[in-house]
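Just below is one structure, and these are the notes that go with it.
The values are calculated or read from the model by the stated rules, or taken from the named source; none is laboratory data. Just so we're clear, the structure is a prediction, and the values are computed from it rather than from any experiment. Here the Cβ positions follow ideal geometry from the backbone for every residue, glycine too, while neighbour counts run over all protein chains shown.
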Amino acid sequence: MVKIISFCILFYASFFPVIISSQNFDLGSWNILNVKYNPSENMSVFVEAQLRSLKFYSDFHYYEYKGGINYSIHPHVKLTLGAGSYQTYKEGGDFVLPKNNNEFRLWPQLQFPQSIGKLKIEQRYRAELRFSKNNYRNRFRYRQGISYPFGKEKKEYKPFLISVSNELFFTDREPYFERNRFLISLNYKPSNTATVQIGFLHQFDYKINDETGRDFLVIGFYYDIFRKSTLTKQRDDTEIKDN
């Protein structure tokens, strides 16, 4: 446990000065609000809104809102069907018109979580059907992640969770590869239904025409609503949050 915390401190201490000293470094903001209702042990529904800026809470250029349904068909298999609106504006200010992109997306998703002791390893596959006014595109995303809960247990849950994930984005058109997205985050649970997330996200774009930006401070708030009779069975304190 001490080694894991020491590694995280060392990572931030060594990595951040390097990227901040870069002439091209601009730290944007990536803000998430997610509410999930869990009516049964195997099913949940969610709504989420995101707001992003290319600089630190300035040059807002992107927002999305979406919703969906999750269903666990097996302890190690979870299905999701989501849909939402995704809006991208031009760079150079707050919500500069005309828009770069205005999309409706429908996305089925498969997650395969596995546990090794307290560690949780997850693979996620997502297909995005992307509809815009004059275009239709497909995109395929593959994410691998690992998480570790820690801290003094209270009310049957650990208050802290550290997670690291990396995601690849592909299309069915040349040049096929679009993006790589890396995220390291720390989650804190002030209660058994609320989670606050802070993290650093870095992405490399090869050739993409929607939301841009390289480095982001991630701030997220996640709130779960449970049926009282199944709260303990439904809660997953090691889940890697979506992004």
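Could you go through the stretch 129-138 and let me know if any residue there is among the aliphatic types (A, V, I, L, M) and under 20 Å from Phe177 (Cα atoms).
Filtering the stretch 129-138 down to residues among the aliphatic types (A, V, I, L, M) leaves 129.
So of that shortlist, the ones also under 20 Å from Phe177 (Cα atoms) come out as 129.
Within the stretch 129-138, one or more residues are among the aliphatic types (A, V, I, L, M) and under 20 Å from Phe177 (Cα atoms).
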Quick check on Ile32: is it under 20 Å from Ile240 (Cα atoms), of a type in the set (Val, Ile, Thr) and buried (at least 18 other Cβ atoms within 10 Å of the Cβ)? yes
Any hit, the stretch 41-55, residues being outside any helix (DSSP H, G or I), at pLDDT 95 or above and acidic (Asp, Glu): yes
Of the residues Gly145, Gly199, Gly213, which single one is more than 25 Å from Val77 (Cα to Cα), in contact (Cβ under 8 Å) with a residue 60 or more places away in the chain and among the small types (Gly, Ala, Ser)? Gly213
Given the structure, is Tyr89 part of a strand (DSSP E or B), exposed (fewer than 15 other Cβ atoms within 10 Å of the Cβ) and out of contact with any Gly (no Cβ under 8 Å at 6 or more places or on another chain)? no
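Can you confirm whether Ser191 is in a loop (DSSP other than H, G, I, E, B) and not aromatic (Phe, Trp, Tyr)? Step through it out loud before you land on a result.
Working: in a loop (DSSP other than H, G, I, E, B): yes; not aromatic (Phe, Trp, Tyr): yes.
Considered against the rule, which asks whether it is in a loop (DSSP other than H, G, I, E, B) and not aromatic (Phe, Trp, Tyr), Ser191 comes out as yes.
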In the set Tyr63, Tyr71, the lone residue that is farther than 23 Å from Leu201 by Cβ, hydroxyl-bearing (Ser, Thr, Tyr) and modelled with pLDDT of 95 or more is Tyr71
Could you list all residues from the stretch 219-243 that are under 18 Å from the mean Cα position of the chain (by Cα), closer than 23 Å to Pro113 by Cα and either at pLDDT below 90 or of a type outside the set (D, E, K, R) (or both)? Gly220, Phe221, Tyr222, Tyr223, Asp236, Asp237, Thr238, Glu239, Ile240, Lys241, Asp242, Asn243
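Can you tell me which residues in the stretch 185-209 are of a type in the set (A, V, I, L, M, F, W, C) and buried (at least 19 other Cβ atoms within 10 Å of the Cβ)? It would help to see each step written out before you state the result.
Pass one, the stretch 185-209, residues of a type in the set (A, V, I, L, M, F, W, C): 186, 194, 196, 198, 200-201, 204, 208.
Residues satisfying the conditions are Phe200, Leu201.
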Checking Gly68 against (1) under 24 Å from Val196 (Cα atoms); (2) surrounded by fewer than 19 Cβ atoms within 10 Å (Cβ to Cβ); (3) of a type outside the set (D, E, K, R); (4) within 17 Å of the chain's Cα centre (by Cα), which single condition isn't satisfied? (2)
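Please go through the stretch 36-52 and pick out each residue that is in contact (Cβ under 8 Å) with a residue 40 or more places away in the chain and either over 20 Å from Ile198 (Cβ atoms) or over 14 Å from the mean Cα position of the chain (by Cα) (or both).
Residues of the stretch 36-52 that are in contact (Cβ under 8 Å) with a residue 40 or more places away in the chain, as a first pass: 36-41, 44, 48, 52.
Lys36, Tyr37, Asn38, Pro39, Ser40, Glu41, Ser44 - these are the residues of the stretch 36-52 that are in contact (Cβ under 8 Å) with a residue 40 or more places away in the chain and either over 20 Å from Ile198 (Cβ atoms) or over 14 Å from the mean Cα position of the chain (by Cα) (or both).
Restricting to strands (runs of 3 or more DSSP E) lying wholly in the stretch 96-159: which have 1 or more residues that are touching a Ser or Thr at 6+ places or on another chain (Cβ under 8 Å), acidic (Asp, Glu) and under 26 Å from His61 (Cβ atoms)?
Numbers: elements: 96-116, 119-132, 135-150.
Here the list reads 96-116.
Which residues, counting only those in the stretch 148-166, are free of Cβ contacts under 8 Å to residues at least 40 places away in the same chain, buried (at least 17 other Cβ atoms within 10 Å of the Cβ) and either under 30 Å from Thr88 (Cα atoms) or hydroxyl-bearing (Ser, Thr, Tyr) (or both)? Even if it seems obvious, please write down each step before you answer.
Step one: of the stretch 148-166, the residues free of Cβ contacts under 8 Å to residues at least 40 places away in the same chain are 151-155, 159-160, 164, 166.
Still in the running and buried (at least 17 other Cβ atoms within 10 Å of the Cβ): 159, 164.
Of everything in the stretch 148-166, just one residue is free of Cβ contacts under 8 Å to residues at least 40 places away in the same chain, buried (at least 17 other Cβ atoms within 10 Å of the Cβ) and either under 30 Å from Thr88 (Cα atoms) or hydroxyl-bearing (Ser, Thr, Tyr) (or both), namely Val164.
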